[in-house]
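Down below is the structure, laid out as C-alpha coordinates.
The values are calculated or read from the model by the stated rules, or taken from the named source; none is laboratory data. All values reported here derive from a predicted model rather than from experimental measurement. Methodologically, a virtual Cβ is constructed for each residue, glycine included, from the backbone with ideal geometry; neighbour enumeration extends over all protein chains shown. Calculation scope for accessible area: heavy atoms of the full protein, side chains included, ligands and nucleic acids excluded. Shrake-Rupley method; radii C 1.70, N 1.55, O 1.52, S 1.80 Å.
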Amino acid sequence: MKLSGAAPCLLLFFTHAADAHGWVGSVNIGGTLYTGDGLGTSGSPPSVIRQVDTNSPVTSVSDPNLACGPNAQLAQEVAPANPGDPIAVYWVSTEGPWFHNVGPMLSYMANCGTTPCTEFEASQAMWFKIEQVGRDPGSTAWAQASMNSGAPANLSLPNNLAAGGYLLRHEIIALQNAVSEGGAEFYASCTQLSVGGSGDGAPTQDELVKLPGAYSATDPGILVDVYSNPNAPYTFPGPPIAAFVTDVSGSSSSPTASTSRATTTAMGSAPSAATTCALKRRVSTQSPSAKRWHRALARWSGFSL
Ligand SMILES: *[C@@H]1O[C@H](CO)[C@@H](O)[C@H](O)[C@H]1NC(C)=O
Ligand SMILES: [Cu+2]
(Lines give C-alpha, C1' and ligand atoms only; values in the text may rest on other atoms or scores of the structure.)
(Ligands and ions follow the chains in the order given, each with its own letter.)
Protein backbone atom coordinates (compact mmCIF):
# COMPACT_ATOMS: atom_id res chain seq x y z
CA MET A 1 0.00 0.00 0.00
CA LYS A 2 1.35 3.38 -0.97
CA LEU A 3 0.60 6.24 1.39
CA SER A 4 1.12 9.85 0.47
CA GLY A 5 1.16 13.23 2.16
CA ALA A 6 0.20 13.25 5.81
CA ALA A 7 -1.15 9.70 5.81
CA PRO A 8 2.04 8.06 7.10
CA CYS A 9 2.10 10.51 10.00
CA LEU A 10 -1.49 9.81 10.91
CA LEU A 11 -0.88 6.09 10.69
CA LEU A 12 2.01 6.55 13.06
CA PHE A 13 -0.14 8.39 15.56
CA PHE A 14 -2.73 5.64 15.55
CA THR A 15 -0.09 2.99 16.06
CA HIS A 16 1.21 4.89 19.03
CA ALA A 17 -2.21 5.40 20.57
CA ALA A 18 -2.61 1.65 20.70
CA ASP A 19 0.87 0.58 21.75
CA ALA A 20 2.36 3.56 23.47
CA HIS A 21 4.05 1.71 26.29
CA GLY A 22 6.54 -1.02 27.11
CA TRP A 23 8.19 -3.53 29.42
CA VAL A 24 11.54 -5.26 29.94
CA GLY A 25 12.05 -8.08 27.46
CA SER A 26 15.48 -9.25 28.61
CA VAL A 27 18.41 -8.35 30.83
CA ASN A 28 22.09 -9.06 30.29
CA ILE A 29 23.94 -9.63 33.55
CA GLY A 30 27.71 -9.86 33.40
CA GLY A 31 27.59 -11.20 29.84
CA THR A 32 24.69 -13.63 30.18
CA LEU A 33 21.37 -12.76 28.58
CA TYR A 34 18.21 -13.59 30.53
CA THR A 35 14.89 -13.42 28.73
CA GLY A 36 11.57 -12.55 30.31
CA ASP A 37 8.43 -14.58 29.86
CA GLY A 38 6.41 -12.10 27.85
CA LEU A 39 3.38 -10.16 29.02
CA GLY A 40 1.00 -12.18 31.17
CA THR A 41 2.85 -15.50 30.78
CA SER A 42 4.72 -15.54 34.07
CA GLY A 43 6.44 -18.74 35.07
CA SER A 44 6.90 -20.36 31.71
CA PRO A 45 9.69 -20.72 31.01
CA PRO A 46 11.30 -19.97 34.38
CA SER A 47 12.98 -16.56 34.38
CA VAL A 48 14.91 -14.18 36.61
CA ILE A 49 12.72 -11.23 35.55
CA ARG A 50 9.53 -10.52 37.49
CA GLN A 51 7.04 -10.47 34.66
CA VAL A 52 4.45 -7.70 34.43
CA ASP A 53 1.01 -8.32 32.94
CA THR A 54 0.54 -5.16 30.90
CA ASN A 55 2.64 -2.69 28.98
CA SER A 56 0.73 0.19 30.57
CA PRO A 57 2.52 2.52 32.95
CA VAL A 58 1.90 3.19 36.61
CA THR A 59 0.74 6.78 36.92
CA SER A 60 0.19 7.09 40.68
CA VAL A 61 3.19 7.47 42.97
CA SER A 62 1.26 5.59 45.67
CA ASP A 63 0.41 2.57 43.50
CA PRO A 64 1.99 -0.65 44.92
CA ASN A 65 2.84 -1.53 41.32
CA LEU A 66 5.41 1.26 41.39
CA ALA A 67 7.78 -1.24 42.98
CA CYS A 68 8.23 -3.79 40.19
CA GLY A 69 5.65 -2.87 37.54
CA PRO A 70 2.00 -3.87 37.00
CA ASN A 71 1.13 -7.07 38.87
CA ALA A 72 4.74 -8.24 38.68
CA GLN A 73 4.97 -11.92 39.62
CA LEU A 74 7.67 -13.57 41.68
CA ALA A 75 10.17 -15.11 39.27
CA GLN A 76 11.36 -18.69 39.69
CA GLU A 77 15.06 -18.15 39.15
CA VAL A 78 17.88 -15.99 40.41
CA ALA A 79 20.75 -14.80 38.21
CA PRO A 80 24.27 -15.20 39.59
CA ALA A 81 26.16 -11.90 39.53
CA ASN A 82 29.30 -10.28 40.87
CA PRO A 83 30.07 -6.81 42.18
CA GLY A 84 30.87 -4.48 39.29
CA ASP A 85 29.07 -6.59 36.70
CA PRO A 86 27.82 -4.65 33.71
CA ILE A 87 24.05 -4.84 33.26
CA ALA A 88 22.09 -4.11 30.10
CA VAL A 89 18.33 -3.77 30.37
CA TYR A 90 16.37 -4.20 27.13
CA TRP A 91 13.06 -2.34 27.18
CA VAL A 92 10.67 -3.28 24.41
CA SER A 93 7.20 -2.37 23.18
CA THR A 94 4.60 -4.17 21.15
CA GLU A 95 6.09 -2.51 18.07
CA GLY A 96 9.66 -3.51 18.83
CA PRO A 97 12.03 -1.10 20.55
CA TRP A 98 11.16 1.24 23.39
CA PHE A 99 10.03 4.54 21.92
CA HIS A 100 9.35 7.12 24.60
CA ASN A 101 12.18 9.60 24.59
CA VAL A 102 11.91 12.10 27.43
CA GLY A 103 12.55 11.47 31.10
CA PRO A 104 15.15 9.85 33.33
CA MET A 105 16.10 6.25 34.01
CA LEU A 106 16.93 5.17 37.55
CA SER A 107 18.26 1.98 39.12
CA TYR A 108 17.63 0.74 42.64
CA MET A 109 18.50 -2.41 44.55
CA ALA A 110 16.99 -4.06 47.61
CA ASN A 111 18.53 -6.83 49.69
CA CYS A 112 16.22 -9.84 50.00
CA GLY A 113 17.67 -10.54 53.45
CA THR A 114 17.03 -13.99 54.82
CA THR A 115 14.19 -14.61 52.34
CA PRO A 116 15.07 -16.20 48.99
CA CYS A 117 14.57 -13.55 46.31
CA THR A 118 12.23 -16.00 44.58
CA GLU A 119 9.84 -15.47 47.52
CA PHE A 120 10.70 -11.93 48.53
CA GLU A 121 7.73 -9.57 48.26
CA ALA A 122 8.56 -6.19 46.76
CA SER A 123 6.28 -4.55 49.32
CA GLN A 124 8.89 -5.51 51.95
CA ALA A 125 11.79 -4.05 50.01
CA MET A 126 13.95 -1.24 51.33
CA TRP A 127 15.45 0.26 48.19
CA PHE A 128 18.71 2.11 47.67
CA LYS A 129 19.60 3.96 44.51
CA ILE A 130 22.68 2.93 42.53
CA GLU A 131 22.42 4.87 39.28
CA GLN A 132 20.43 7.49 37.40
CA VAL A 133 20.67 9.15 34.00
CA GLY A 134 18.89 12.18 32.63
CA ARG A 135 19.83 14.04 29.49
CA ASP A 136 22.99 13.18 27.62
CA PRO A 137 25.89 15.45 28.65
CA GLY A 138 25.94 18.65 26.63
CA SER A 139 22.67 17.80 24.92
CA THR A 140 18.95 18.21 25.37
CA ALA A 141 18.40 14.58 24.32
CA TRP A 142 17.59 12.17 27.12
CA ALA A 143 19.57 8.95 27.48
CA GLN A 144 16.24 7.13 27.26
CA ALA A 145 15.94 8.18 23.60
CA SER A 146 18.94 6.08 22.57
CA MET A 147 16.85 3.00 23.34
CA ASN A 148 14.54 3.89 20.43
CA SER A 149 16.99 2.07 18.16
CA GLY A 150 16.86 -1.07 20.31
CA ALA A 151 19.88 -0.24 22.48
CA PRO A 152 19.64 -1.26 26.13
CA ALA A 153 19.90 0.86 29.25
CA ASN A 154 23.34 0.35 30.76
CA LEU A 155 24.46 0.28 34.35
CA SER A 156 26.87 -1.62 36.61
CA LEU A 157 26.48 -3.25 39.96
CA PRO A 158 28.39 -1.37 42.67
CA ASN A 159 32.05 -2.44 42.69
CA ASN A 160 32.10 -3.33 46.37
CA LEU A 161 28.52 -4.56 46.75
CA ALA A 162 28.17 -7.01 49.64
CA ALA A 163 27.26 -10.57 48.68
CA GLY A 164 23.65 -11.63 48.99
CA GLY A 165 20.29 -11.86 47.27
CA TYR A 166 19.03 -8.66 45.71
CA LEU A 167 16.24 -7.30 43.60
CA LEU A 168 17.53 -5.00 40.90
CA ARG A 169 14.87 -2.46 39.99
CA HIS A 170 15.26 -0.54 36.74
CA GLU A 171 12.87 2.34 36.16
CA ILE A 172 12.02 4.63 33.30
CA ILE A 173 9.97 7.73 33.99
CA ALA A 174 8.40 9.00 30.75
CA LEU A 175 7.73 12.71 31.08
CA GLN A 176 5.99 13.64 27.81
CA ASN A 177 2.73 14.36 29.68
CA ALA A 178 4.27 15.33 33.01
CA VAL A 179 3.21 18.95 32.74
CA SER A 180 -0.02 17.91 34.52
CA GLU A 181 -0.11 16.16 37.86
CA GLY A 182 -0.54 12.42 37.31
CA GLY A 183 0.83 12.71 33.78
CA ALA A 184 4.23 11.14 34.41
CA GLU A 185 4.45 7.48 33.37
CA PHE A 186 6.42 5.11 35.62
CA TYR A 187 7.79 1.88 34.19
CA ALA A 188 9.59 -0.42 36.59
CA SER A 189 11.06 -3.89 36.28
CA CYS A 190 12.65 -6.14 38.89
CA THR A 191 15.28 -8.81 38.28
CA GLN A 192 16.32 -11.34 40.92
CA LEU A 193 20.08 -11.57 41.57
CA SER A 194 22.41 -13.60 43.74
CA VAL A 195 25.55 -11.52 44.19
CA GLY A 196 28.77 -13.29 45.10
CA GLY A 197 32.23 -11.97 45.83
CA SER A 198 33.72 -10.47 48.96
CA GLY A 199 32.46 -6.89 48.87
CA ASP A 200 31.38 -5.08 52.00
CA GLY A 201 29.48 -2.18 50.46
CA ALA A 202 26.01 -1.49 51.79
CA PRO A 203 23.71 1.49 52.04
CA THR A 204 23.17 3.38 55.27
CA GLN A 205 19.74 3.26 56.92
CA ASP A 206 18.90 6.79 55.81
CA GLU A 207 19.62 5.91 52.17
CA LEU A 208 16.87 3.26 52.16
CA VAL A 209 13.40 4.07 50.84
CA LYS A 210 10.08 2.37 50.20
CA LEU A 211 8.51 2.30 46.74
CA PRO A 212 5.84 3.48 46.70
CA GLY A 213 6.78 6.06 49.30
CA ALA A 214 9.87 7.79 47.98
CA TYR A 215 8.11 9.83 45.30
CA SER A 216 5.55 12.60 45.47
CA ALA A 217 3.25 13.57 42.59
CA THR A 218 4.56 17.11 42.85
CA ASP A 219 8.29 16.34 42.99
CA PRO A 220 10.09 18.71 40.62
CA GLY A 221 11.28 15.76 38.54
CA ILE A 222 7.75 14.27 38.27
CA LEU A 223 5.49 17.31 37.78
CA VAL A 224 7.60 19.07 35.17
CA ASP A 225 7.41 20.70 31.76
CA VAL A 226 10.38 19.21 29.93
CA TYR A 227 9.64 21.03 26.69
CA SER A 228 9.42 24.76 27.40
CA ASN A 229 12.88 25.05 28.94
CA PRO A 230 14.99 22.10 27.88
CA ASN A 231 18.09 23.71 29.40
CA ALA A 232 16.66 23.76 32.90
CA PRO A 233 18.45 21.43 35.31
CA TYR A 234 16.55 18.23 35.99
CA THR A 235 15.96 17.15 39.58
CA PHE A 236 15.87 13.36 39.92
CA PRO A 237 13.15 12.05 42.25
CA GLY A 238 13.94 9.72 45.13
CA PRO A 239 16.99 9.53 47.37
CA PRO A 240 20.56 10.35 46.31
CA ILE A 241 22.71 7.50 45.04
CA ALA A 242 23.93 5.52 48.05
CA ALA A 243 27.35 6.80 49.12
CA PHE A 244 29.05 3.39 49.05
CA VAL A 245 28.35 3.17 45.33
CA THR A 246 30.65 6.07 44.52
CA ASP A 247 32.97 6.33 47.51
CA VAL A 248 36.74 6.18 46.97
CA SER A 249 37.21 2.63 48.21
CA GLY A 250 34.57 1.33 45.87
CA SER A 251 35.02 3.90 43.08
CA SER A 252 32.22 4.60 40.66
CA SER A 253 29.93 1.74 39.82
CA SER A 254 28.98 3.30 36.57
CA PRO A 255 31.73 4.69 34.39
CA THR A 256 29.52 6.47 31.89
CA ALA A 257 29.81 10.22 31.91
CA SER A 258 26.05 10.59 31.87
CA THR A 259 25.65 8.93 35.24
CA SER A 260 25.21 11.46 37.94
CA ARG A 261 25.87 11.13 41.62
CA ALA A 262 24.17 14.43 42.17
CA THR A 263 20.42 14.70 42.21
CA THR A 264 20.36 17.65 39.84
CA THR A 265 22.10 17.80 36.49
CA ALA A 266 22.64 20.72 34.20
CA MET A 267 21.36 20.74 30.66
CA GLY A 268 23.12 21.22 27.37
CA SER A 269 22.31 23.43 24.43
CA ALA A 270 18.90 24.34 23.07
CA PRO A 271 16.97 21.84 20.95
CA SER A 272 16.19 22.21 17.30
CA ALA A 273 12.93 24.13 17.13
CA ALA A 274 11.02 21.84 14.83
CA THR A 275 10.47 18.16 15.27
CA THR A 276 9.19 16.79 12.03
CA CYS A 277 7.05 13.78 11.49
CA ALA A 278 9.23 11.22 9.82
CA LEU A 279 8.56 7.51 9.65
CA LYS A 280 12.13 6.69 10.54
CA ARG A 281 11.96 8.78 13.71
CA ARG A 282 9.22 7.48 15.95
CA VAL A 283 10.15 9.99 18.59
CA SER A 284 8.23 12.56 16.58
CA THR A 285 5.06 11.83 18.51
CA GLN A 286 6.55 13.47 21.53
CA SER A 287 7.20 16.98 20.32
CA PRO A 288 4.81 19.39 22.06
CA SER A 289 2.45 19.65 19.11
CA ALA A 290 2.51 15.95 18.47
CA LYS A 291 1.89 15.41 22.14
CA ARG A 292 -1.43 17.20 21.83
CA TRP A 293 -2.32 14.92 18.93
CA HIS A 294 -1.22 11.93 20.96
CA ARG A 295 -3.56 12.95 23.78
CA ALA A 296 -6.44 13.79 21.49
CA LEU A 297 -6.19 10.48 19.73
CA ALA A 298 -5.84 8.71 23.01
CA ARG A 299 -9.07 10.28 24.22
CA TRP A 300 -10.75 9.44 20.96
CA SER A 301 -9.56 5.85 20.94
CA GLY A 302 -10.12 5.24 24.61
CA PHE A 303 -6.52 4.34 25.39
CA SER A 304 -4.86 5.89 28.38
CA LEU A 305 -1.38 7.21 27.73
C1 LIG B 1 24.21 1.38 26.17
O2 LIG B 1 25.46 1.05 25.60
C3 LIG B 1 25.43 0.84 24.19
C4 LIG B 1 26.78 0.34 23.76
O5 LIG B 1 27.76 1.23 24.14
C6 LIG B 1 25.03 2.13 23.52
O7 LIG B 1 24.95 1.95 22.13
C8 LIG B 1 23.68 2.58 24.05
O9 LIG B 1 23.32 3.82 23.50
C10 LIG B 1 23.72 2.69 25.57
N11 LIG B 1 22.38 2.98 26.06
C12 LIG B 1 21.99 4.16 26.55
C13 LIG B 1 20.58 4.26 26.98
O14 LIG B 1 22.72 5.12 26.62
CU1 LIG C 1 3.61 5.11 27.09
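Solvent exposure of the range 23-269 amounts to 37 Å² per residue of accessible area, where only protein heavy atoms count and the probe is 1.4 Å. For the range 214-229, backbone phi angles converted through the Karplus equation (6.51, -1.76, 1.60; θ = phi - 60°) give residue-by-residue couplings of 7, 10, 10, 4, 10, 3, x, x, 10, 9, 7, 9, 7, 9, 6, 9 Hz, Gly and Pro being listed as x.
Computed on protein heavy atoms with a 1.4 Å probe, the accessible areas place 167, 74 in the order 74, 167, largest first.
Extending 7 Å from Cα along the Cβ direction at residue 53 and again at residue 76 yields two label points whose distance is 1.9 nm. Site pair residue 198 and residue 44 shows an inter-label distance of 4.6 nm when each label is modelled 7 Å from Cα along Cα→Cβ. Give me the log10 of I(q) over I(0) for the range 136-221 at q = 0.19, 0.24 Å⁻¹, as the Debye formula computes it from C-alpha points; what are the numbers? Each listed q corresponds, in turn, to -1.15, -1.30.
For the range 185-252, what does the alpha-carbon gyration tensor say about shape, rounded, prolate or oblate, given a ≥ b ≥ c as the root eigenvalues, a/c under 1.5 as rounded, and a/b over b/c as prolate? Prolate is the answer for the range 185-252, as a/c is 1.5 or above and a/b outweighs b/c. Residue ranking by accessible heavy-atom surface, 1.4 Å probe, largest first, among 126, 105 comes out as 126, 105. For residue 198, the accessible area of its heavy atoms, probed at 1.4 Å with every protein chain present, is near 120 square angstrom. As a fraction of the 1.4 Å probe accessible area of the range 23-269, surface on carbon and sulfur atoms comes out at 52 percent.
If R0 is taken as 22 Å, the Cβ-Cβ distance between residue 114 and residue 206 corresponds to a FRET efficiency of 0.45. Can you give the Kirkwood hydrodynamic radius of the range 101-249 from its Cα pairs, in Å with one decimal? Every distinct Cα pair counted, the radius reaches 16.3 Å. Which log10 I(q)/I(0) values does the range 36-82 give at q = 0.20, 0.27, 0.30, 0.33 Å⁻¹ under the Debye formula, counting every alpha carbon as one identical point scatterer? Here log10 of I(q) over I(0) equals -0.65, -0.93, -1.04, -1.15.
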